[in-house]
Amino acid sequence: MTFEIRWERDDYSRIPFHLYHDEEVYALEMERIFRGPCWSYLCLEAEIPNPGDYRTTWVGDTPVVVSRATAEAGGAIHAFVNRCAHRGAQIVRKTHGNAAEHVCIYHRWCYRTDGELIGIPFRRGLKGEGGMPKDFDMAAASPQRLKVANVSGMLFGTFSDDAEPIEDYLGEFGTGMVRRFFHKPIRILGYSRQLIRGNWKLYAENLRDTYHASLLHEFFVTYGVDRATQKGGVKMDARHRHNMNHAYTATDTQADAQAAYAGTAGVKLDRMRLTDTKLLQHTPEFADRMNLAAPTFFPNALLIQINHSLGTRQIRPKGVDAVEVFQTLFGFADDTEEQTRHRLISANLVGPAGFVSMEDGEAIEIIQKATRNERQATNIIEMGGRGAISDLAHRVTETPVRGFWSYWSELMGVEAPGGVR
Amino acid sequence: MIPAEVRHAAADLMAEYGLRIDEDRLEDWVELFDEACDYKVVIRENVEQGLPNVLMWCDNKNMLRDRIASYRDVNEYNLHWDRHVIGPLRLGGGADGVWTIEAAYTLVQTDLEGVSRLFSAGRYLVEFVLAGAAARIRSAKVIADTGLIPTLLATPI
């Protein structure tokens, strides 16, 4: 299928609303982005530490098993489509576990832990009658496998032979950030899930929009966790498909913030105090002393540090008008009991009930609701400037959102004539 | 045997617990708790795996007050009405005057145009003490079967 977009601007500062609603666009995104030459975040190596361990995950809306093969099957980490070669049933139904092999319940077709089809009941028939044709090739029929890359314990997968090497895809910036988060062994603290009734791209954009952070999430500003006046900015990779919003602890003053937010409706700077302030206690624990770091990787991944809360988020599109945000929280294996407790208290900040994150669900849903019938109108993405897309040493910007659309357009084959990259 | 006054106090406690949230009397809901209390919302997916992650955790009454104050004045959220339906109470405990309640709940949210949706199903694990005739919550743990939170979780369960 081919489709065209009549871009109003070649710098992606105007996005037609219908791109968040068209079923055809969604189907093409699954094909050209999630099954295209991108690396998608799968899960963490620490979640499948032992031979035979597996987790089910999603790449776009394709169900995938990530599995550490048993010793007999080579012991490597594999990812394969969670769909029986025979009739298309889910092979693995649990979210996680350990198995010597995977058996589809329908007709008991059996798969090795690396995804290869190794058993078909009654393949030779019964008493010399029936069975599968003799030339049936089990290896060729096996579920599609993804190429898997392990970057410091963060697992990525791609369906495409045309994907760049992962180091090039993430760039120095990206691999450096992954190394930062996973600089020593981690301990999984658990999961949260949120279903937002909005298009997945609205969430991807949200992660690249630093402008909203201290305005929508008033908690940030009210209690001084994160303010636009702190030292920080946005960094992107060379292709502007990934982005990192970051800020440094205690690099602004109350007076700076008061002057900057004066007159902003709804912002209640300095009006409130927490009765129990331990939630906000922060002692820099990374060499770079950042208290907020949120590198996001096209198309589906976010790493996020807010003070002592550390996690990954995976974007799972669920049709054109819904997206699941799957969050994995972790600490470090050598955390003391007290540190673990503080990370869990810090979990109040993030996730579906997070003091500084809950609002995103609502903001996205009210866009989806209000734009449903629009065929012509566009949004406006100009905060931080028009034209070329580049890194910024300030935080009132949505320029990386334009970077997202630029790369999206390239993959979808609908770049604006002369469009910025 | 659970004494009758404990049964009555527990029934009243859980009725007030649900209704005060549904009536948007969150500050009064907080008053059902002891100063030294613990309120936690976790999802069953984590509990089944022995993972400690929390959606909300207030380990004393001041943190609960902060959660409600932030909801009132700071956070933005989906505008809605809550409706709790709490099932029969299984009572236990009694050692050192600390009684326990286990009960199922369903929580339906209704938006301002009247559309109701199941928001959460799960169970409560509550520890309470009697202060005179009234029960005071020492700890309330919400274990939500509904791990996939629709939109967001702003008001307590």
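Remarks
- Placing B:Leu130, B:Leu152 in order of accessible area, with the largest value first and a 1.4 Å probe, yields B:Leu130, B:Leu152.
- Checking the cross-link pairs A:Lys278/B:Lys141; A:Lys94/B:Lys40; A:Lys147/A:Lys184; A:Lys94/A:Lys278; A:Lys147/A:Lys231; A:Lys235/A:Lys318 against a 32 Å limit on the alpha carbon distance flags A:Lys94/A:Lys278; A:Lys147/A:Lys231 as lying beyond it.
- Sites A:His86 and A:Asp168, calculated FRET efficiency, Cβ-Cβ separation with R0 35 Å, nearest 0.05: 0.40
- Each residue of segment A:137-144 was assigned a 3J(HN,Hα) from its phi angle through the Karplus curve 6.51 cos²θ - 1.76 cosθ + 1.60 (θ = phi - 60°); the sequence is 9, 5, 4, 5, 7, 4, x, 4 Hz, with glycine and proline shown as x.
- Near the amide H of B:Gly93, within less than 5 Å, lie the amide hydrogens of B:Thr100, all on another chain or at least 5 residues away, with H placed in the peptide plane.
- Measuring only protein heavy atoms, the 1.4 Å probe finds A:Lys278 accessible over about 40 Å².
- Segment A:183-238: chymotrypsin sites (Phe, Trp or Tyr not before Pro) in DSSP loop, at most 10 other beta carbons within 10 Å: none
- The mean number of partner chain beta-carbon atoms within 10 angstrom of a residue's beta-carbon across peptide A:184-194 is 5.
- Accessible area buried between chains B and A, both sides summed, probe 1.4 Å, in Å² to nearest 100: 3500 Å²
- Computed accessible area, A:Asp137, all protein chains, 1.4 angstrom probe, square angstrom: 80 Å²
- Computed extension gain for A:Thr340 through A:Thr251, at 0.36 nm per residue and net of the alpha carbon distance, reaches 29.4 nm.
- Segment B:53-157: GluC sites (Glu not before Pro) falling in loop per DSSP and having at most 15 other Cβ within 10 Å: B:Glu113
- Taken residue by residue and averaged, Cβ atoms of other chains lying within 10 Å of the Cβ of A:275-281 number 4.
- Those Cys residues of chain A for which no other cysteine Cβ falls under 4.7 Å: A:Cys38, A:Cys43, A:Cys110
- Between helix A:399-412 and chain A: long-axis angle, C-alpha atoms, 0 to 90°, nearest 10: 30 degrees
- Fully extended contour minus Cα-Cα distance, from A:Asp161 to A:Asn50, at 0.36 nm per residue: 37.1 nm
- Point-charge dipole on Cβ atoms (K/R +1, D/E -1) for the protein assembly as shown, about Cα centre, debye to 20: 1000 debye
- Rounded to the nearest 10 Å², the accessible area of B:Tyr77 at probe 1.4 Å: 50 Å²
- Signed unit charges on C-beta, dipole axis of the protein assembly as shown, positive-most listed residue A:Ile118, B:Gly122, A:Gln327: A:Ile118
- DSSP-assigned coil residues among chymotrypsin sites (Phe, Trp or Tyr not before Pro) in segment A:125-166, each with at most 15 further Cβ atoms within 10 Å: A:Phe136
- Our estimate of slack between A:Lys127 and A:Arg6, defined as 0.36 nm per intervening residue step minus the Cα-Cα distance, is 37.1 nm.
- R0 of 30 Å, Cβ-Cβ distance B:Asp34-B:Tyr71: FRET efficiency to nearest 0.05: 0.90
- Heavy-atom SASA rank of B:Trp57, A:Trp7 (probe 1.4 Å, accessible area, largest first): A:Trp7, B:Trp57
- Given charges at beta-carbon only (K, R positive; D, E negative), |dipole| of segment B:4-144 in Debye: 360 debye
- Mean per-residue shielding of peptide B:64-70 is 5, counting Cβ atoms of other chains within 10 Å of each Cβ.
- When A:Thr158, B:Thr146 are compared by accessible area at a 1.4 angstrom probe, the order from most to least is B:Thr146, A:Thr158.
- Taking segment A:1-60 and dividing mean pair separation by its residue count, relative contact order in percent (alpha carbons under 8 Å, at least six apart): 24 percent
- Net charge of neighbours whose Cβ lies under 10 Å from the Cβ of A:Arg68, counting Lys and Arg as +1 and Asp and Glu as -1: -3
The values are calculated or read from the model by the stated rules, or taken from the named source; none is laboratory data. For clarity, every value in this text was computed on a predicted model and none was experimentally measured. Backbone-built Cβ (ideal geometry, glycine too); neighbour counts: all protein chains shown. Remember, those area values only see protein heavy atoms, side chains included, never the ligands or the DNA or RNA. Shrake-Rupley method; radii C 1.70, N 1.55, O 1.52, S 1.80 Å.
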